[in-house]
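The values are calculated or read from the model by the stated rules, or taken from the named source; none is laboratory data. Everything numeric here is computed off the predicted structure, so don't read it as measured data. For neighbour counting, all protein chains shown are included, and Cβ atoms are generated from backbone atoms with ideal geometry for every residue, glycine included. Quick note on the areas: whole protein, heavy atoms, side chains included, nothing else; ligands and nucleic acids left out. Shrake-Rupley method; radii C 1.70, N 1.55, O 1.52, S 1.80 Å.
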Amino acid sequence: MGLEKLGMSLAQRTSAWVKATGKTSILQTKPIQKVPTEGLRLTTLKADIVDLENSFKTKINSLLNDKCIQAGLRSTRLSGMQTEELYHYLKTNSTTKGFEFESFHNDGLQDYIGNKNLDIFKLQKNEINELVEKYLEAENKFYSTLDDLLFPKSTNTEALKLEEQLANMGVSVRLMNNAKMGEGILKACKKMNEAGIKSFPKYRVAVGEPCSMGLPGKHTQEGFVLLGQAGFNSADNVVLDSSIEGITFHETAHVLHKHLKAEHSMPFLMKDNEAFQKINPLLEKEVSIYSKSNINEALSEIFTGLMNGRKFSNKIMQFYKDNGGYITPNLSV
């Protein structure tokens, strides 16, 4: 076959092939079959959400089965809620509004020990300490598990900026968009950092609560400090410092002192502590009225004073040291 005929034959065959395949050009690629994708991403996301919710409900269920947590919730409006109900409540009321975390902490501890039908005054201190530690560990687990639901991340620009500044110091904070409280926390943490404290608990601002709480962990950074609005006026001398800065000092001290000594954690044991009773008048005179509540509060109030640059008498400082009061590395007392 001559070259001319060969060329014509190839052209004709190529043209026939292009037409047969539905193409308009030999360079055109094979048409891609359209895959129906509508709703695929949404379905996947819904499946992920269901998995997350089921996983979270499983966690809530394990919390509700804990005797310590049952005792804590008994004093709050979450008492008796089943998994679905508790999940829905936390999802729609995620700012701790209406959740009495002080009751969970204090009443729950006494309820937990009381339900064991033990005569608290006949127990050895190490036995009481074990019970207290077990309760506090469960309570910390509750806040850790529900952290994202109870304390959503801020969206306010000013609050986010403060959270970032604190994060750069190694401090985990959820301000719940409350920049004013964030300023006080930042100021307090800077002072504590300068005083030599390098490990901080997690700080969480609770909306709508007039009280606050320091909850220890095995290590300081695992503890929680829940900060509410100040319930006292500094001028009344009820507490040594009712500013956000002062409350941050006070609650951080609770974490530093661990709360794990029974005589620090359970006010109804105070009546048996002669040393505390003897120093009560001096505590009121030098520290605050609130410092007379129990040893644990006395330690936190004295710590607050020390962070504020206050000088206390030798008797107060000896009491502080004898009962495990924390002295920061860079603070001269």
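Miscellaneous remarks
- Test: Ala167 is modelled with pLDDT of 95 or more, small (Gly, Ala, Ser) and open to solvent by less than 50 Å² (accessible area, probe 1.4 Å): no
- Test: residue in the range 308-327 that is at pLDDT 95 or above, within 20 Å of Ile244 (Cβ to Cβ) and part of a helix (DSSP H, G or I): no
- With respect to (1) surrounded by fewer than 20 Cβ atoms within 10 Å (Cβ to Cβ); (2) touching a residue at least 24 places away in the same chain (Cβ under 8 Å), the lone exception for Leu136 is condition (1).
- Selection over the range 293-322 of residues that are buried (at least 19 other Cβ atoms within 10 Å of the Cβ) and over 27 Å from the mean Cα position of the chain (by Cα) gives a count of 3.
- Residue under evaluation Asp147, criteria (1) modelled with pLDDT under 90; (2) on the phi > 0 side of the Ramachandran plot; (3) not basic (Lys, Arg), criterion not met: (2)
- For the range 171-196, filtered to residues that are more than 17 Å from Leu227 (Cβ to Cβ) and touching a residue at least 40 places away in the same chain (Cβ under 8 Å), the residue that is most open to solvent (accessible area, probe 1.4 Å) is Glu194.
- Verdict on Leu109 being in a helix (DSSP H, G or I) and either over 16 Å from the mean Cα position of the chain (by Cα) or surrounded by 20 or more Cβ atoms within 10 Å (Cβ to Cβ) (or both): yes
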